[in-house]
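A.B. asks: Structure below; questions to follow.
The values are calculated or read from the model by the stated rules, or taken from the named source; none is laboratory data. Keep in mind it's a predicted model, so treat the numbers as computed, not measured. Glycine gets a Cβ as well: all are built from the backbone with ideal geometry, and neighbour counts include every protein chain shown. Side chains included, ligands, DNA and RNA excluded: accessible areas come from the protein's heavy atoms. Shrake-Rupley method; radii C 1.70, N 1.55, O 1.52, S 1.80 Å.
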Amino acid sequence: MPSTASAFGLRPAYHPSGIIREEAGTILTGYATALYKGCPVRIAADGTLEIAAVNARAIGVFLGCEYTDANGRRVVTNRWTANTTATEIVAYYTRDPAIVYEVQADATMAIATMGSQYDWNTATAGNATTGLSEVTLDVGSNAANAGLRVVGIGRGVNNAWDDLFPNVYVEISEHQDVADVAQY
């Protein structure tokens, strides 16, 4: 897999406590941007969830939603289709800043990148069939204060630092609930 670009977004991998808890929020009816499972999200000024664009602070990642559609049917899905008109919208997301996520890098990385910070790319891209985000770690975006901090290499068969597209563990370094900390 790491020798093939096959993005899956930001996938919660572990938490120091051993428990990853999801939060429930809402999305504004008619929200015009698609959300896919694993895409970074933020809390908007009105309190609803929205996509966290590249270079924006994130609260966590989108995990899916449920809502009542215009026909009165309850829909449970791992993606929000842009411009959906619905009621009783519940959006699930991660919020804890200590959660570690697994994400695919868009290029080769070295072990020396541990602790470095990078942004994500293609925040709005996703697969309409699977509902999964196509967010990747943007290796070319290394900066002192960026959205994701690399904390390790993903545990998987045939996954190594020098692979073409390694799966790495990251934390959200520009979290909406935490002050910025420059890379170490």
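A.B. asks: Of the residues Tyr31, Tyr67, Tyr36, which is in a loop (DSSP other than H, G, I, E, B) and of a type in the set (Ser, Thr, Tyr)?
C.D. replies: The match here is Tyr31.
A.B. asks: On the given criteria, is Ala24 in a loop (DSSP other than H, G, I, E, B) and either farther than 21 Å from Leu148 by Cβ or not polar (S, T, N, Q) (or both)?
C.D. replies: No, not satisfied.
A.B. asks: Of everything in the stretch 39-60, what is over 21 Å from Asn127 (Cα atoms), among the hydrophobic types (A, V, I, L, M, F, W, C), open to solvent by less than 50 Å² (accessible area, probe 1.4 Å) and in a loop (DSSP other than H, G, I, E, B)? Give them in sequence order.
C.D. replies: Within the stretch 39-60, Ala44, Ala56, Ile59 qualify.
A.B. asks: So, in the stretch 54-95, exactly how many residues are among the basic types (Lys, Arg), at pLDDT below 95 and farther than 24 Å from Ile20 by Cα?
C.D. replies: Here the count works out to 0.
A.B. asks: Something else: Which residue is surrounded by the most Cβ atoms within 10 Å (Cβ to Cβ), if the candidates are limited to the stretch 76-92 and must be part of a loop (DSSP other than H, G, I, E, B) and hydroxyl-bearing (Ser, Thr, Tyr)?
C.D. replies: Applying the filter and picking the extreme gives Thr84.
A.B. asks: Working only within the stretch 37-47, note down all residues that are in contact (Cβ under 8 Å) with a residue 40 or more places away in the chain and over 22 Å from Thr130 (Cα atoms).
C.D. replies: Arg42, Ile43
A.B. asks: Considering the stretch 138-182 alone, what residues qualify as being of a type in the set (S, T, N, Q) and not in a strand (DSSP E or B)?
C.D. replies: Across the stretch 138-182, the qualifying residues are Asn145, Asn158, Asn159, Ser173, Gln176.
A.B. asks: Right, Asp96: free of Cβ contacts under 8 Å to residues at least 60 places away in the same chain, assigned to a loop (DSSP other than H, G, I, E, B) and open to solvent by 20 Å² or more (accessible area, probe 1.4 Å) or not?
C.D. replies: It is false that Asp96 is free of Cβ contacts under 8 Å to residues at least 60 places away in the same chain, assigned to a loop (DSSP other than H, G, I, E, B) and open to solvent by 20 Å² or more (accessible area, probe 1.4 Å).
A.B. asks: Do we find a residue being touching a Pro at 6+ places or on another chain (Cβ under 8 Å), closer than 20 Å to Pro16 by Cβ and open to solvent by less than 10 Å² (accessible area, probe 1.4 Å) anywhere in the stretch 147-156?
C.D. replies: yes
A.B. asks: Looking only at the stretch 111-137, which residues are open to solvent by 50 Å² or more (accessible area, probe 1.4 Å) and part of a strand (DSSP E or B)?
C.D. replies: Leu132 - this is the single residue of the stretch 111-137 that is open to solvent by 50 Å² or more (accessible area, probe 1.4 Å) and part of a strand (DSSP E or B).
A.B. asks: List the pairs whose first member sits in the stretch 25-36 and is under 20 Å from Arg95 (Cβ atoms), whose second member is small (Gly, Ala, Ser) and open to solvent by 40 Å² or more (accessible area, probe 1.4 Å), and whose Cβ atoms are under 8 Å apart, counting only residues at least 6 apart or on separate chains?
C.D. replies: Final answer for the pair search is Gly25/Gly47; Thr26/Gly47.
A.B. asks: Now for a different question. Output the residues belonging to the stretch 50-72 that are under 9 Å from the mean Cα position of the chain (by Cα) and among the β-branched types (Val, Ile, Thr).
C.D. replies: Matches in the stretch 50-72: Val61 only.
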